[in-house]
There are 4 protein chains.
Amino acid sequence: MSGDLPPAPDVVRSSYAELVVTDLARARWFWVEVLGLHAESDRDGVLCLRGTDELTHHNVVLREGPAAALSHLAYRVRTPADVDRAEAHFAALGCPTRRIPAGSGTPGVGDAVRVIDPLGFPVEFYYAIERGERLIQRYDLHRGAAIARLDHFNIVVPDIDAAYGHYRGLGFGCSETIEDEHEMYAAWMYRKQTVHDVAFTGGAGPRLHHLGLATHESHQVLHIADILGSLHAENHIERGPGRHGVSNAFYVYLRDPDGHRIEVYTSDYYTGDPDHETFRWDVNDDRRRDYWGNAVIESWYKEATPVLDLDGRIAPIEESRIDESAIRVGADGLGSPREVR
Amino acid sequence: MSGDLPPAPDVVRSSYAELVVTDLARARWFWVEVLGLHAESDRDGVLCLRGTDELTHHNVVLREGPAAALSHLAYRVRTPADVDRAEAHFAALGCPTRRIPAGSGTPGVGDAVRVIDPLGFPVEFYYAIERGERLIQRYDLHRGAAIARLDHFNIVVPDIDAAYGHYRGLGFGCSETIEDEHEMYAAWMYRKQTVHDVAFTGGAGPRLHHLGLATHESHQVLHIADILGSLHAENHIERGPGRHGVSNAFYVYLRDPDGHRIEVYTSDYYTGDPDHETFRWDVNDDRRRDYWGNAVIESWYKEATPVLDLDGRIAPIEESRIDESAIRVGADGLGSPREVR
Amino acid sequence: MSGDLPPAPDVVRSSYAELVVTDLARARWFWVEVLGLHAESDRDGVLCLRGTDELTHHNVVLREGPAAALSHLAYRVRTPADVDRAEAHFAALGCPTRRIPAGSGTPGVGDAVRVIDPLGFPVEFYYAIERGERLIQRYDLHRGAAIARLDHFNIVVPDIDAAYGHYRGLGFGCSETIEDEHEMYAAWMYRKQTVHDVAFTGGAGPRLHHLGLATHESHQVLHIADILGSLHAENHIERGPGRHGVSNAFYVYLRDPDGHRIEVYTSDYYTGDPDHETFRWDVNDDRRRDYWGNAVIESWYKEATPVLDLDGRIAPIEESRIDESAIRVGADGLGSPREVR
Amino acid sequence: MSGDLPPAPDVVRSSYAELVVTDLARARWFWVEVLGLHAESDRDGVLCLRGTDELTHHNVVLREGPAAALSHLAYRVRTPADVDRAEAHFAALGCPTRRIPAGSGTPGVGDAVRVIDPLGFPVEFYYAIERGERLIQRYDLHRGAAIARLDHFNIVVPDIDAAYGHYRGLGFGCSETIEDEHEMYAAWMYRKQTVHDVAFTGGAGPRLHHLGLATHESHQVLHIADILGSLHAENHIERGPGRHGVSNAFYVYLRDPDGHRIEVYTSDYYTGDPDHETFRWDVNDDRRRDYWGNAVIESWYKEATPVLDLDGRIAPIEESRIDESAIRVGADGLGSPREVR
C-alpha cells in the first residue's frame, strides 16, 4: 500500500521542539539562567533558545500557555519542495495537516506544514529558518551545561512496532533496540549520522518523554548536576548522571519547572555508513538503561508530557500494552541489595 | 583523666589497610587488573599494592585467609619514638597491644605496634617503611581508575560520640559532621590537610565501611564504572558515581569479590589552616550523602567488613542505637517519584 | 566541461589510509602499544588497525616497505555501483586507474578501484569491507589515546584552488577556509556530517600532511601526551596539545617512528544542514591555527609524507607558490615576546 | 650562627599576595570577569579576591597605584605569637621590619608584621584574618577558570642557593629542584602538604615571577585559554597549556593587563610524610619545564614583576649569574625541527 503513497519528505534531522510552559519567568530561570541555553529571541510570550553549536534560530521554543504540553516537534527537510511532499504524504496517510505560512508560526521559521502523525504527535516540517550568529567558539558564553545542540526527541508510544514502521516509512535508520523474543520494547532511529533523531519508549501515549540536548564532554554533564545541588534545586535532577547502555551516551535527566524532561548528554557514535547494523539489547540485560547497573527511578518510566492537537487542545492518551519497567532484574529491583558475584 | 595519660603519638596520616581476602587470585583480578593498582610485591599469599602518587611500599595489603575481614588499619607516625608513645598510650587506655618487630609483620614495614583501640578496631602505628620507586609521572602505567593514593578509612561504629572523642584524643581535627539537634550521625576527621583520614558511619560495629582511594580527576572515576560495565561486572558497582554533599568528593563505591567496599573518589579541599572550622550538615538535608539528591542504596548503610582481633579471630559486633538510613527525606525515599517544585 | 564527465561516485566518507613503514615492529610499538589502536589483523607484513567506534575492518593500515610513504587514501562509497562510477569518472579525467579485485588489495576490502587523482594522490574507492567486532563500549580495551575512529586526511598541495575544485566536483562541502583578499591558503571539506573528510595545506606536494584520529574527550588528548612524556618519547610530540581556531578541534600532533604525522583530536561540530555556510578565517588572525595564539612549529608547515604512484614508486613533488607559514603575526613570530595589550 | 637567632615563625602556608595595578577597572575585568575570582570586597581602590575553596577573606589583593609591582607576599602563621616571632627573627637577621596593626593594612587582616627579607622581597606574616562565606560547593558561582585557591608564589632571585638557604631556615621542605653538577637552577619549597608554597626561578631579582592559582581539573585550565581565545584576548596567554615535568602540574600562564603573571594549574601531589625526599631534575632533561618537550617562550624566563620596599618604592634589581633559559636542548631550541628517534 505504501507503494501508492506520495513520496515521504527527505528529513535532514530533528531540529527543534516547541513546549508550552505555564510560567515563562520560571521557565526562563531554568532554561537560560541554570541550564545556560542562549536566548535568541524573547517576545510576545515566546522564548527561542539554542545551543552554541546550533547555527539556526533556535532548537528549543518555550511558549507560555495554560497547561504544560508539547506544542510540536519539528524536523528540518532537505529542500523547500520537501515541505510540500510532507503535506501530500501525511494527507495521503489520512492525517490532519495544516500549512503554516512564514511569519505566522514559530518565530524565525519559514513556510512549514504541521501534521498530526499516525502516532498522534504534532509534527512540523520546514526547510527555511533564520540563521543565528555563529557561537561555536564563544567559550565566554558557556553557562550551566554548555549545551551545544539539540540531538533528539524521545517519545512515549503505546505501540512500538507502529512507531518503528512509521519512521521507517520516513526513511529513518535504526541504530539500537531493546527486545526479547516476543516484543520490541524501545527503538532508536536516525536520519543524521548519530545514534538517533527520535526514540520510542513504550507507555501510555502520545506523550513526549524528553528532549535530548548534546554537550561536548562528560564534565559538563556533571557540572549541571553540581549547579542544581548548589542552588538546592536538586529535585530538578530526576535520574543520573549515568552511562546509557543503549547509545553509550553519558547522561543526566532533568525536569523543568513544568515537569518537561530534558536529557543532557554527551558521546554517542557515527552511524553514517550505508550498511550500519542495528544493535539489539536484550531487555534482561541490566545494562541496557544504565551501563553501570544502577536502578531506573519509577517516574522516569511513568511520567511524560502530553501533546497538543493542531487546534491547541491536549490530545487523548492511549494506554500501553507492554511495560518495560516491570522487567526488573538486578539493579532495577529498586532498593534491593546488589549481590556481588 | 586524659591528663594522666601518656601522650598520644603524633599521627601523620592514614597510610595503609590490610584486608583478608578468601581467594587471592580473584582479588588480584579485581584490584590489579580492573582497578589498576600497582603490585609492589606479591608473595607468600600477601599482595602489596599502591597508587602511583604513593612513595612508600604500599597503601593496600591483601592477605589470603579463611574469611573476609579487616586485618588492621595503619597510621604512619612522625618519628620512631611515636611508635613507643602509641604503645604506652593505648596500654594506659587498657587496650590490648602487641609489638611487631620489623620483618615479622606486613612486608616493607619497620618496627610497629598493633593495638585494639577503644572502638574495637585493630590499628597499627609505625614510622619506618620501605620506599617504592617514584611512579608519580608514569602515565604509561595508568590502568583502571588511575588510583593516586589511599586517602582515608571509613569505619562503622555503634557510638559516634565515642569515636569522635577517641580521635580527638589522638589529635585529629573534625572537618564535617552530620547531625540533628539530638545526635551526631557521622563525622569526618583528619591529620593530614585533607577532609579526612578517618570517618565514622553509625551502625553495628566495629566494622570497616570502606577504604577511600584518591584519583586526580572525575573522568577517572567514570572510567572505572565504564570498565566494569564493559566486563559485565557492573554488580561490583554498589553506589554512584555521584557527588557527596559531605566533603564535596566525586565518588563511586565498588565492592571487591569478597564484598570489601572501596570508594574511588576525587576532589576534596585543604583543611590545614589553624582555625579550620567544622562544617555541620543537617541530617534532613537530602544533599548530605549525595549532593544531587540521589537515593542511597540500602546495602551501603547496612553492609560492612568485620574486623580481626590481635590473634586473628573475628571480633564480636555490637548493634547500633541510631540508624541514619531510617531518615529518608526526598530522594532517600527509595523509588518514590521525585516532586519537582 | 564537467557536464560531459561521467557522474562522480557518491562518497560516504574518508575511511582508511594505508601507510608504508620501514620497521613494522617499531611501528607496532608506536601505533598499538603507545597510541592504543586495536590490531584487527597482523600478518604478512601488513597491520590493520582501528579505533573502538569503527565498525569496519580497519581505518589505518601499516605495510612494511623500503621507504616511508603514503600507499593510498581510501574513501568508502555508497553502493557497489559507485566503485564503477569512480573508475569511469577518473578515467574520463585522464587519471591512471586500476581495479583491485577483492582479496588482492588491502586485507578485508572488497572490490575497489585505485586512481591517481588530478592532485597526484593515490586514492582508493570501495564499497564492501569486512565488519569488525563491535568495540564501542569496550572501555576495558581503552589504551593510549582511546582512539574512536579515523576522522580525516590532511594533504599538502601546491595549488589550493585546484584541490578545492577537484573535491567540489566529488560533491564535497566546504566548512572552513583560511584566506586573504588574494589567496586561499587552506580549506576543509566534508562528505560526512563533520567539519571535514579532507583538508588541504598549501606546500610542496602531493604529500600527506597527517591523518586525523578522533577521540571522545580532551583528557584523552592530554593523556597520550603525558604517556609520551613518561616514556621519554616526547620527541614524538610535534605540536600541541592545543585548540584549533579552524574546526574548533582540541588537538595534539604526533610523529610516528617514520615521521608520519597523526593528529589526535576531539570536538568539532555538525555540518549536515543543507545550507551549511563556509566559515572563512583571515590568514592574519593569529587564532586560525591555534585559538590560544601559540606559535606553530616550523616543521609542522614544512615536513610531510611522500606518496606512491600505482606501481609503488615515490611520486615526484612540485613546489608550492604560496607559503602560509611566512605569514607570522603575533604568536606566530616564534620566540618573540608576546605583547600584553 | 643561626643557632643564635630567635626562632623562626611557624609558617602555615603561602596565603595571599598584594599586587599594585595601574588601572583597577581593567584589572577587575581580567581577574573577576574573565578569570572568575570571587570579589570579597572592593572599595577605596583595593579589590580583595579569592577562590571558591578559600575560607579566609582573600588570597589575591589588587591595589591601584602608579606602577605595576608586588606590594607584598603574605604567609599565614600558626599562632598570634608567631607574628612576634617573625618580627624578632627578621630583625635579628638585620632586615627592615614594620608592625601593621589590624585595620591599618590589607583589608580583613589582623595584626601583622611586614619585613624586607634577606632576598629583598616584601613579606607579611599574620595569624588573624576574617573568614569568608563558605563557597566550596557553590558550583553556580564558577566562572572562568573556576579557581579554588592560591597555591604558591614563584619568585625570581639572582642567587638560588641563598633563597634555598633562607627558606630552609624558615622550616620549608624541598620537593623538587633543577640542577646540574655545578648549579642549582631552581627549587620548589613547601610548608603545607603540596609541592610548594614558594619556588625560585634564577634571574635578575628580587622580582615576582608568578602567582600559582589552583583549580580542580584540567578541563578548567583549558577553559580559561578557550575563553581568552573567544574574547580575542589570546595575547594574555603567555605559555601553555602544558604539563610541567617539575611538580607534575597541568598549567597555563597568563599575563594580566599590567603584565603580572598568573599560573592557573591543577594536580600536584602530597608531600606530608616525614621523610619526603627531594626529587632532582637534570637541567638537560627537556621535560623539566614542559613534560611534553614543548619550548618555553623567552618572555617566560625574562619578564617579571618588580617589588616594593616597605615605603612603597620600587626596589632595585640585581642581575643574575646564571641563566637556565640559555640551556636549550631539544624542544627548547625554538623553531628547530624536532628529531624523531
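The values are calculated or read from the model by the stated rules, or taken from the named source; none is laboratory data. Remember, predicted model here, so these are calculated numbers, not experimental data. Counting neighbours? That spans all protein chains shown, and the Cβs are built from the backbone with ideal geometry, glycine included. Just so you know, the surface numbers come from the protein's heavy atoms only, side chains and all, with ligands and any DNA or RNA stripped out. Shrake-Rupley method; radii C 1.70, N 1.55, O 1.52, S 1.80 Å.
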Report yes if B:Ile155 is in contact (Cβ under 8 Å) with a residue 24 or more places away in the chain and open to solvent by 10 Å² or more (accessible area, probe 1.4 Å), otherwise no. no
Residues of the range D:2-24 classified as modelled with pLDDT of 95 or more and part of a helix (DSSP H, G or I), total: 1
Scanning the range B:181-202 residue by residue, those small (Gly, Ala, Ser), open to solvent by less than 10 Å² (accessible area, probe 1.4 Å) and out of contact with any Cys (no Cβ under 8 Å at 6 or more places or on another chain) turn out to be B:Ala186, B:Ala199
Whichever residue in the range D:159-169 is open to solvent by less than 10 Å² (accessible area, probe 1.4 Å) and not aromatic (Phe, Trp, Tyr) and, among such residues, is farthest from B:His276 (Cα to Cα): D:Ile160
Scan C:Glu277, C:Glu263 and give me the residue that is open to solvent by less than 10 Å² (accessible area, probe 1.4 Å), more than 17 Å from D:Asp226 (Cβ to Cβ) and assigned by TED's automatic domain parsing to the domain that holds C:Leu211. C:Glu263
Taking the criterion of being on the phi < 0 side of the Ramachandran plot and over 18 Å from the mean Cα position of the chain (by Cα), would at least one residue in the range D:249-270 satisfy it? yes
The range A:1-49: number of residues that are of a type outside the set (D, E, K, R), surrounded by fewer than 19 Cβ atoms within 10 Å (Cβ to Cβ) and over 18 Å from A:Ala69 (Cα atoms): 10
Reported set for the range B:183-196 where residues are closer than 12 Å to B:Asp268 by Cα and either over 14 Å from the mean Cα position of the chain (by Cα) or of a type in the set (Asp, Glu) (or both) is B:Gln193
Which members of the range A:296-317 meet the condition of being open to solvent by 40 Å² or more (accessible area, probe 1.4 Å) and either in contact with an Asp or Glu (Cβ under 6 Å, 6 or more places away or on another chain) or within 14 Å of chain B (Cβ to nearest Cβ) (or both)? A:Glu298, A:Lys302, A:Glu303
Could you check, for the range C:195-205, whether at least one of its residues is over 18 Å from C:Phe30 (Cβ atoms) and among the hydroxyl-bearing types (Ser, Thr, Tyr)? yes
Taking the range C:76-122 on its own, how many of its residues are within 14 Å of another protein chain (Cβ to nearest Cβ) and either more than 23 Å from C:Val46 (Cα to Cα) or surrounded by fewer than 17 Cβ atoms within 10 Å (Cβ to Cβ) (or both)? 8
Residue by residue through the range B:126-142, note down the ones that are of a type outside the set (A, V, I, L, M), facing chain C (nearest Cβ under 9 Å) and either in contact with a Leu (Cβ under 7 Å, 6 or more places away or on another chain) or open to solvent by 60 Å² or more (accessible area, probe 1.4 Å) (or both). B:Arg138, B:Asp140
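Yes or no, residue by residue, for (1) more than 8 Å from every other protein chain (Cβ to nearest Cβ); (2) among the acidic types (Asp, Glu):
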{"site": "B:Arg239", "(1), (2)": "yes, no"}
{"site": "B:Arg255", "(1), (2)": "no, no"}
{"site": "B:Gly259", "(1), (2)": "no, no"}
{"site": "B:Glu263", "(1), (2)": "yes, yes"}
{"site": "B:Tyr270", "(1), (2)": "no, no"}
{"site": "B:Asp273", "(1), (2)": "no, yes"}
{"site": "B:Thr278", "(1), (2)": "yes, no"}
{"site": "B:Val283", "(1), (2)": "yes, no"}
Can you find a residue that is out of contact with any Pro (no Cβ under 8 Å at 6 or more places or on another chain) and either at pLDDT 95 or above or under 30 Å from D:Val11 (Cβ atoms) (or both) anywhere in the range B:315-331? yes
A:Ile136 vs (1) β-branched (Val, Ile, Thr); (2) in contact with a His (Cβ under 7 Å, 6 or more places away or on another chain); (3) closer than 30 Å to A:Leu222 by Cα: all pass except (2)
